[in-house]
Amino acid sequence: MADMASLLEKPRLDRDTLAMRAALEMPDGAVVNLGIGIPTLVSQYVPEGRQLLYHSESGVLGYGPMADPGQEDMDLINAGGQFLKWVPGMAFFHSADAFAMMRGGHVDISVLGALQVSEKGDLANWMLPERGIGNIGGAMDLAAGAKRIIVTMEHVDKKGHPKVVRECSYPLTVRGRVSLVVTDIAVLAMTPQGLLLKEVAPGWTADEVQALTEPRLLVAPDLHEITL
Amino acid sequence: MADMASLLEKPRLDRDTLAMRAALEMPDGAVVNLGIGIPTLVSQYVPEGRQLLYHSESGVLGYGPMADPGQEDMDLINAGGQFLKWVPGMAFFHSADAFAMMRGGHVDISVLGALQVSEKGDLANWMLPERGIGNIGGAMDLAAGAKRIIVTMEHVDKKGHPKVVRECSYPLTVRGRVSLVVTDIAVLAMTPQGLLLKEVAPGWTADEVQALTEPRLLVAPDLHEITL
Amino acid sequence: MPLDKVVPDFRQAVADVFDGASIFVDGFGGPGGMAQFLLLTLWERGVKGLTLISNTAGIGMTAGFGVPGGRAYIDHSILIENGRVKKIIASFPVAGNPSRVTPFERAFRQGKIELEVVPQGTLAERIRAGGAGIGAFYTPTGAGTLVAQGKETRAINGREHVLEYALTADFAFVRAARADRAGNLVYKGSSRNFNAVMATAARVTIVEADEIVEVGGLDPECIITPCIYVDRVVPRPKDDTPVLAETYYARVGARAKP
Amino acid sequence: MPLDKVVPDFRQAVADVFDGASIFVDGFGGPGGMAQFLLLTLWERGVKGLTLISNTAGIGMTAGFGVPGGRAYIDHSILIENGRVKKIIASFPVAGNPSRVTPFERAFRQGKIELEVVPQGTLAERIRAGGAGIGAFYTPTGAGTLVAQGKETRAINGREHVLEYALTADFAFVRAARADRAGNLVYKGSSRNFNAVMATAARVTIVEADEIVEVGGLDPECIITPCIYVDRVVPRPKDDTPVLAETYYARVGARAKP
C-alpha cells in the first residue's frame, strides 16, 4: 500500500490537462453543456475536426469562444457569468426552454464538477455542508436530464480526503447518473459491476489511485496511462 | 303561458344583431377570444372607440380584420380557418403558448357558441350525441381558462328544444364557468341565486322567454328590451 | 459535417419511418404549416400501422379548412383512406359540418381506426411536456368532463385539476418557413402553431423547409426552434403541384379509387 | 388608449407595490437583463416584507458576476441589506466563492431572511406553470435529493419524479431590450432568460425597456413576450449612473452605511 502523505505530494494532472482528457470524450456533433470551473476549459481542447454544439443554461445554443477583452457584452454570458463572443448560428431562448432542453434529454453530454461522486454514480456538487448554504443552480437539471454525465474534478479534496466515495455524505445533486469520472490522477467508468479504473495519470499506479479512493475499484485489463 | 308553436314562429334577433348585443359586453382594452360561428361576428360590432386585443388559438395576438379577397394567406388564419389581414402589432406564438395564455387567465373574455347551457353555468358545445364524434378543439381550454365566459347562441335548437337547461344532457365542455348568455331572444346572467333574465328581444315578454327555457328564470326588476 | 442536417430528398428523409411508428403531424387544420411532401412520400413508401398525433385527423382536404377557394391540398387523409393509420390522437378530428365526411370519419365509423380526443391546449401541453422532460402535469382543462374519465384528479387552490401525461412520438413531420443548414427554424404567421411544439418531442424531427439558408442566415433573436431539436431538413420544392389534392386523386384514380 | 402601456416614470410604475408583496426579479446573475431602475425606485419607496423570486439572491453587486471588470451595478442586495426582504426563492443564492459574502448571505446567517432553494430548471418551470395555468407538474429533477424532501413523488416510465407546484407573484420586474407601446417585448442575447418566463406569471408585469417603439415597430415573428402579459412599460434612461453600485454607496454612505 502506498504511503498517503507522499501520494498527496505526487504530481498530478493540471486543470488544463484534465480538461484535455475530458475533451476526448466529446463525439463529433454532440450537444454539450459545460459546467462552471474545469468543465468550461474543456471547449478549448476539443480535438480538431470535431464540431460540437454548446448549450448554456443562460439561454444560448451554438456559442463559440469567449469575448475578446474590451468586447464584453453584459447581454451575452454563459452560466458562469463569462462573456461570449457574438458568432453566427447562435440561438437564444428563455430559462424554461433552456431547461426543457436538458430535462428533455436533448443535451448529449453534461460535464460537471463535483464535491463527491459515489461508486453508484451519485453526484454531490452543490453544497459544502460546512458552508451551510449552497447554489443548486442548473446542476440538478443537467445531472438529471443530460444523456451522459461526465464529472471532472480533483481526485481528493483540499484536506486530502477522497472525493470518490462509497456513499456521498454531502447533499446529493442526483442519484446514479454519473457515467465517467475524469480526475487529476485517473479515469473511472461507472459499470454495472462497480467503478472501473481505466486510465491513470503518468507515473501513477492502480494501487496508488486506490489508496486515494474510498470504494474498491475494478481495474481494467487494459489499464493504461492517460494519453492525449 | 304562451303557446309553444306560435312562439317558435315569432321573430327573433338575427345572428348579426345577436353579435351586436354581445359586442356591448367588451370593455375597452379587453383581451378577447372569439369562437367559431356567431362569436366571430362580434368583432365587427364593437362600439367605436373601444380597442380590443384579439387572441386566436391558432397562435395570433392582436389581429385585425379578415383578409381581402385575393389576399388570403394560408399562413395567417384564425381558429376557424378564416384568413386574417397582416396588420401592425400582431404577435405569433406556438400552440403550447397560445393555450398557456388561456389557461393562465390572460384572456379576459371568451365568447363561445353552445349546444346547451345549464342554470349552473355548465356548458356543452363540442359534441352532438347523435353524431357520436366531436371536435373539442380549443373550447375546453377557453372555457376553463378565460376570466369571463360569454355564450352566444340561438335560444332553442332546430327542433325547438330549449338550449338553456337544468342539466346539460350533452357531453360537457366545462362546469360552472359561463357568466352571461346572449341568445336571439334574451340576455341571461348567471347569479348565485340562479339564471337572471335581464333583457328580452323586442316584442318578447319574460313569460315567453321562460316558455322556451327549461330552468326557472329569475326576472330582473329592471327587465328591458335589448337595445344596441 | 454533423451539424449540417440537410438531406437532399424526401425519400431519404423518411427512409427510417417504420411500420407501427408514431408521428407528430402539424398543420392547424389547413395546408399552412403542414409538411405535405413528407406525408406524400410516406404514403408512397407504404408504411402502415401508424399512430398520427395532430390537431385534426385530416379535415382540410375534404372540408376546405384554411385554404382559399378552389384549391385543396393533401393531408393525413391520404394515409388514412389507404389503411395506413391505426390510431389518431387529435383535438379536432372531424369537419365542423357533419355533411363533410372525411376519410377519418368514414374509417372511424367503420371501426377501422382508433381515436383519442384531447383538448387542444392539453394536446399542446402534453407534447411540450414530452419535449421538456416533464412526466405529467395537472391542468384544470377538462375537469368534470368526459376527457377526465378514468384520470386522476386533484384540487389545487380550490380548483379541480386533471392529471395528464407527457406525449412523445417516434417522428415529427415539421414544416418551417426557413431553416438554416444546422436545423435552426423559423415559421410564418399562424403556421408556427403545433410545429414548434412537436419539433421538441420526437425521437427524430424531420423538417420540410420552404427555404434553406446558411448557418448565420437567421437572426439568433428570432429563431423559434433551435437546432438542438432537429435531425433532418429537406428543401420543399417551389412547385406544389405534387401535393395538390387533384394530383393525388389523378394518381390514385389511375390505380384504385379509395 | 388602454393598449398604450407606457408610463413616464419609475415612481409611477411601482407605486402600487405593497408591503408583503412577492416580486419576480430577473437577471441571470449579472446586470444583463436586470431592471435596476425598478429595484432602485422600490428601495427609495421603502416598501418592506417583500418576497423576491429570482435566479440569485443578489450576487452581482458583491461578486462581480457577469459584469466586465471595474463596473458594478446595484441588484436585489439594496433591498436585502436594508431589511426590506422577508424571503428569497432562488436557485443560486450566494456567490460561488465563499469569501464573497453577499448581503443576502449575511442576512441569512443572522437569521433575518428566509430562503427556499429551488433547482434552476424547476424554478423556471414552476414560474412557467404559474403563467400557463398548470397547477403542478412532475419532474425528475431533484428526485432522491434534499429538494424532494417532504414532496410527493411518483414513478413515471420507471423513473422517480417529484411533484412541484406552480409559482406566481404579485409583480414581475422585467428588463427588455425593446418594447412597443402596447407592451410587446424583445430581449437581447442571454438577457432573455428568466425575464420572458416571469413576465407571464405575475399579477402585474412592469417592464423597464431600453428602447420603446411604436406599435408595429417590432417584427411580429420575433416578439418573445406578447403584450398580453405586460401591464406597464417604463423607458430606461440611457445614462445608467443612478444604478451603478458606486452611486448607491455614495447615497447610503451619506445617510447610514449598511
Q: Hey, can you tell me all the residues within the stretch C:99-127 that are facing another protein chain (nearest Cβ under 7 Å) and farther than 30 Å from A:GLY145 by Cβ?
A: C:GLU105, C:PHE108, C:VAL117
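Could you pull out the residue among D:ALA169, D:ALA177, D:ALA201, D:ALA250 that is under 23 Å from D:LEU52 (Cα atoms) and without any contact (Cβ under 8 Å) to a residue 60 or more places away in the chain?
D:ALA177
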Q. Of all the residues that make up the stretch C:86-127, how many are in a loop (DSSP other than H, G, I, E, B) and either closer than 17 Å to A:ALA96 by Cβ or among the β-branched types (Val, Ile, Thr) (or both)?
A. 5
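Residues that are in contact with a strand residue (DSSP E or B) (Cβ under 7 Å, 6 or more places away or on another chain) and under 30 Å from D:VAL147 (Cβ atoms): list the strands (runs of 3 or more DSSP E) wholly contained in the stretch D:161-252 that include at least 1 such residues.
Hits in the stretch D:161-252: D:169-176, D:202-209.
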Q.
I'd like the full set of residues that are farther than 20 Å from A:ILE150 by Cβ and of a type in the set (Val, Ile, Thr), limited to the stretch A:183-222.
A. A:THR205, A:VAL219
**Q.** Residue in the stretch C:70-85 that is farthest from the chain's Cα centre (by Cα), counting only those that are under 16 Å from C:GLY29 (Cβ atoms), within 12 Å of another protein chain (Cβ to nearest Cβ) and assigned to a loop (DSSP other than H, G, I, E, B)
**A.** C:ARG71
Q) Which of the residues spanning the stretch C:24-63 are of a type in the set (Gly, Ala, Ser) and surrounded by fewer than 21 Cβ atoms within 10 Å (Cβ to Cβ)? A) C:GLY46, C:GLY49
Q: Tell me which residues, restricted to the stretch A:1-60, are modelled with pLDDT of 95 or more and among the polar types (S, T, N, Q).
A: A:THR17, A:ASN33, A:SER56, A:SER58
**Q.** Subset of the stretch B:141-157 (residues that are part of a strand (DSSP E or B), under 27 Å from D:ARG203 (Cβ atoms) and of a type in the set (A, V, I, L, M, F, W, C))
**A.** B:ILE149, B:ILE150
Q: Collect the residues in the stretch B:45-62 that are over 21 Å from C:MET34 (Cβ atoms) and assigned to a loop (DSSP other than H, G, I, E, B), keeping them in residue-number order.
A: B:VAL46, B:PRO47, B:GLU48, B:GLY49, B:ARG50, B:GLN51, B:LEU52, B:GLY62
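Listed here are the residues, each with its yes/no results for (1) within 22 Å of D:THR122 (Cα to Cα); (2) in contact (Cβ under 8 Å) with a residue 40 or more places away in the chain.
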{"position": "A:ARG131", "(1), (2)": "no, no"}
{"position": "A:LYS147", "(1), (2)": "yes, yes"}
{"position": "A:HIS155", "(1), (2)": "no, yes"}
{"position": "A:GLY203", "(1), (2)": "no, yes"}
Q) Which condition does A:ALA98 not pass, out of (1) at pLDDT below 95; (2) more than 30 Å from A:THR191 (Cβ to Cβ); (3) not basic (Lys, Arg), if it passes all the others? A) (1)
Q: Scan the stretch D:161-175 for residues that are within 11 Å of another protein chain (Cβ to nearest Cβ) and either charged (D, E, K, R) or under 15 Å from the mean Cα position of the chain (by Cα) (or both) and report the count.
A: 3
Q.
Being facing another protein chain (nearest Cβ under 7 Å), within 23 Å of A:ALA100 (Cα to Cα) and not in a loop (DSSP other than H, G, I, E, B) is the filter here; which residues of the stretch C:128-160 pass it?
A. C:ARG128, C:GLY131, C:ALA132, C:ALA136, C:PHE137, C:TYR138, C:THR139
Q: Read through the list (1) within 17 Å of the chain's Cα centre (by Cα); (2) over 12 Å from D:THR62 (Cβ atoms), then give the number of the only condition that D:ALA132 fails.
A: (1)
Q) What number of residues in the stretch A:92-125 are more than 9 Å from every other protein chain (Cβ to nearest Cβ) and closer than 20 Å to A:LEU53 by Cβ? A) 5
**Q.** Count - residues of the stretch C:177-197 that are buried (at least 24 other Cβ atoms within 10 Å of the Cβ), within 26 Å of B:GLU72 (Cβ to Cβ) and more than 9 Å from chain B (Cβ to nearest Cβ)
**A.** 2
Q. Conditions: (1) buried (at least 19 other Cβ atoms within 10 Å of the Cβ); (2) within 14 Å of another protein chain (Cβ to nearest Cβ); (3) part of a loop (DSSP other than H, G, I, E, B). C:VAL17 meets all but one. Number of the miss?
A. (2)
Q. For the stretch B:184-228, how many residues are among the small types (Gly, Ala, Ser), within 18 Å of B:PRO162 (Cβ to Cβ) and in a strand (DSSP E or B)?
A. 3
Q | Residue match in the stretch B:46-63 (condition: more than 10 Å from chain D (Cβ to nearest Cβ), of a type in the set (Val, Ile, Thr), without any contact (Cβ under 8 Å) to a residue 24 or more places away in the chain and in contact with a Gly (Cβ under 6 Å, 6 or more places away or on another chain)) | A | no
Q: Considering each residue of the stretch C:102-116, count those that are among the polar types (S, T, N, Q) and crowded, with 21+ Cβ neighbours inside 10 Å, and give that number.
A: 1
**Q.** Residues of the stretch A:164-181 satisfying the condition of being out of contact with any Phe, Trp or Tyr (no Cβ under 7 Å at 6 or more places or on another chain) and more than 23 Å from A:ALA211 (Cα to Cα)
**A.** A:LEU172, A:VAL174, A:ARG175, A:GLY176, A:ARG177
Q) What is the one condition in (1) buried (at least 24 other Cβ atoms within 10 Å of the Cβ); (2) under 15 Å from the mean Cα position of the chain (by Cα) that D:ARG203 does not satisfy? A) (1)
Q: Would you mention how many residues in the stretch B:18-31 are within 11 Å of chain D (Cβ to nearest Cβ) and either touching a strand residue (DSSP E or B) at 6+ places or on another chain (Cβ under 9 Å) or buried (at least 20 other Cβ atoms within 10 Å of the Cβ) (or both)?
A: 4
Q: Go through the stretch B:201-228 and give me each residue that's more than 26 Å from B:SER169 (Cβ to Cβ) and of a type in the set (A, V, I, L, M).
A: B:ALA220, B:LEU223, B:ILE226, B:LEU228
Q. Taking the stretch A:115-134 as the region of interest, how many residues are buried (at least 21 other Cβ atoms within 10 Å of the Cβ) and touching a helix residue (DSSP H, G or I) at 6+ places or on another chain (Cβ under 9 Å)?
A. 3
Q. How about the stretch A:83-114: which of its residues are surrounded by fewer than 22 Cβ atoms within 10 Å (Cβ to Cβ) and under 21 Å from D:PHE65 (Cβ atoms)?
A. A:LYS85, A:TRP86, A:GLY113
Q) Going by the structure shown, is A:ILE150 closer than 28 Å to A:LEU212 by Cβ, away from chain C (no Cβ under 14 Å) and of a type in the set (A, V, I, L, M)? A) yes
Q. Just one of the numbered conditions (1) under 28 Å from D:THR200 (Cα atoms); (2) assigned to a loop (DSSP other than H, G, I, E, B) is not true of A:PHE99; which one?
A. (2)
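The values are calculated or read from the model by the stated rules, or taken from the named source; none is laboratory data. Just so it is clear, the structure is predicted and the values come from calculations on it, not from any experiment. Note that we place each Cβ from the backbone using ideal geometry, even for glycine, and neighbour counts take in every protein chain shown.
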